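Taking it in order: structure first as structure tokens, then the write-up.
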Amino acid sequence: MSDKTPPSLPGCDELNPTALQVEQARSKILASINPSGDIEQLAIREALNRVLADTIKSTIDVPSYTNSAMDGYAISGADIPTTDTKRLTVIGTVMAGKPLDIQVFEGECIRIMTGGKMPAGTDTVIMQEHVQRDNTENSICISPGHHLGQNVRQAGEDLSKNDVIFQPGKRLTPADIGMLASMGIAEVSVSKRIKVIFFSTGDELCDVGQRLKDGQIYDSNRYTLYGMLRRLDVDFIDMGVIPDQRECVTDAFQRATMEADVLITTGGVSVGEADFVKETLEKLGHVGFWKIAMKPGRPLAFGRIGDCQFFGLPGNPVSAMVTFYQFVQPALLHMMGIKDVTPQYLHLRSETTLKKRAGRLEFQRGIISNANGETMVRSTGAQGSGILSSMGEANCFIELPAEIEKVEAGEWVKVQPFSGMI
Ligand code: AMP
Ligand code: MG
């Protein structure tokens, strides 16, 4: 936007008093959807990215026995000298997985390897680099300055027996399935995958692999949707492009809603669209056409058709992605049983001046990067709702409040990083 742009006078577009705020719309959606509640038992590897249905308590201490964190010598803390060096006799060796049933008395020590079980009478490990070993005498000399309990991992210091480790609603990460393994848990109950079906509407849409005719564009929304849904780890069916014809639309909605828990469509929800999309939805279910005070992505159809949750996203490629991330993704996560599904934010300073019209909350596409040692954010440039390359370049949304018209370089802004969106 150049500086010659006339002062932004909010048009009726910007000041629609009936428009829903983004937060309001998200809350309304979440309040009207229940978690699916269907569960299945899976091996922990298969459970990666899935949502726990049960509380997990540890039945053991992890680690299950007190062990050495270093290769060195296990001694009693009482043998740490305070002034002079002290000589200790080495009476045995403990390797990881090969405990010794032995009692260590004053003046004695045990050669021990990392992970080896601490023998009775020891509570401290001296690193091997910090002792003088005398092989002929089979003894070591240690100097003052060590601390009682050093280099020892206590039984249960990671996870304690009977502690609640995970609550239901936890989405399992690589670390989580590792923790389950460390407690010896082989299988867990998780929410079943949600089944999502989607199609595009529009007579201008051509599928990849076909020759583009005059007045046509390739359908990109089914591919961005595919990508976003795949990352969420749901089951999905792509129904292709549905032409703007009454029978085709009716038939597509009927088939889709019988097959899946959620139907997502793109296109055909703006004012002036072929009336039969609206007409069909009104006939088949309870669907509202919402104006949301946001940019891009204002028109959104939301409701139910039979037992199927319906989201009608705008056709513009950026609008479809923005509305998916702001509304559909939280709804799907909620259906999976995840508790906190609202987006996560960072507060960063803007590298560039950002402009907008007052009136609607804007999700501008931004790039978080390191600028002179500070993590800052800048705009990707042109922000039109058809400029999908702005999403490709971006790694975050810069969320600009409705009332502001300008952010000066150096001012703080609220940022939704994309990496937090899976
Ligand atoms: P609509 O919401 O159907 O009015 O579409 C708004 C704009 O988005 C129009 O320029 C459409 O051509 C474009 N559009 C709609 N669907 C798609 C799609 N699946 N892929 C790419 N562009 C689309
Ligand atoms: Mg259309």
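Evaluating Ser369 against the criteria (1) at pLDDT 95 or above; (2) open to solvent by less than 20 Å² (accessible area, probe 1.4 Å) leaves one unmet condition, (2). The residues listed here are Val269, Val234, Val262, Val241; of these, the one that is out of contact with any Phe, Trp or Tyr (no Cβ under 6 Å at 6 or more places or on another chain) and closer than 30 Å to Glu403 by Cα is Val269. If you scan the stretch 190-208, which residues turn out to be under 25 Å from the mean Cα position of the chain (by Cα) and of a type in the set (A, V, I, L, M, F, W, C)? Within the stretch 190-208, Val190, Ile194, Val196, Ile197, Phe198 qualify. Taking the criterion of being under 26 Å from Gly373 (Cβ atoms) and either in a loop (DSSP other than H, G, I, E, B) or in contact with a Pro (Cβ under 8 Å, 6 or more places away or on another chain) (or both), the residues of the stretch 383-413 that qualify are Ala394, Asn395, Cys396, Glu408, Ala409, Gly410, Glu411.
Of all the criteria given as (1) more than 21 Å from Phe324 (Cβ to Cβ); (2) part of a loop (DSSP other than H, G, I, E, B), the one not satisfied by Val208 is (1). Considering the conditions (1) assigned to a loop (DSSP other than H, G, I, E, B); (2) within 16 Å of ligand 1 (Cβ to nearest atom); (3) among the charged types (D, E, K, R), Arg193 is excluded by exactly one of them, (2). What do you reckon, is Val164 in contact (Cβ under 8 Å) with a residue 24 or more places away in the chain, within 30 Å of Asp340 (Cα to Cα) and in contact with a strand residue (DSSP E or B) (Cβ under 6 Å, 6 or more places away or on another chain)? Judged against the criteria, Val164 is a match. Annotation note: of Phe198, Phe166, the sole residue that is of a type in the set (Phe, Trp, Tyr), more than 16 Å from ligand 1 (Cβ to nearest atom) and either within 30 Å of Ile217 (Cα to Cα) or open to solvent by less than 40 Å² (accessible area, probe 1.4 Å) (or both) is Phe166. In the stretch 90-105, the residues that are closer than 19 Å to Gln128 by Cβ form Cβ pairs under 6 Å with partners that are among the aliphatic types (A, V, I, L, M) and not in a strand (DSSP E or B), at six or more places apart or across chains, as follows: Gly92/Leu100; Gly92/Ile102; Val94/Leu100; Met95/Met113; Ala96/Met113. Any chance the stretch 345-352 includes a residue that's more than 26 Å from the chain's Cα centre (by Cα) and either among the β-branched types (Val, Ile, Thr) or at pLDDT below 95 (or both)? Looking for residues that are more than 26 Å from the chain's Cα centre (by Cα) and either among the β-branched types (Val, Ile, Thr) or at pLDDT below 95 (or both), one finds at least one in the stretch 345-352, hence yes. Scanning the stretch 301-332 for residues that are open to solvent by 20 Å² or more (accessible area, probe 1.4 Å) and either within 16 Å of ligand 2 (Cβ to nearest atom) or over 23 Å from Ser220 (Cβ atoms) (or both) gives Arg304, Gly306, Asp307, Gly315, Asn316, Pro317.
Residues in the stretch 266-298 that are under 15 Å from Ala19 (Cα atoms), modelled with pLDDT of 90 or more and within 12 Å of ligand 1 (Cβ to nearest atom): Pro296 alone.
The values are calculated or read from the model by the stated rules, or taken from the named source; none is laboratory data. No experiment lies behind these values; they were computed from the predicted model shown. FYI the Cβ positions are ideal-geometry reconstructions off the backbone, even for glycines, and counts take in every protein chain you see. Side chains included, ligands, DNA and RNA excluded: accessible areas come from the protein's heavy atoms. Shrake-Rupley method; radii C 1.70, N 1.55, O 1.52, S 1.80 Å.
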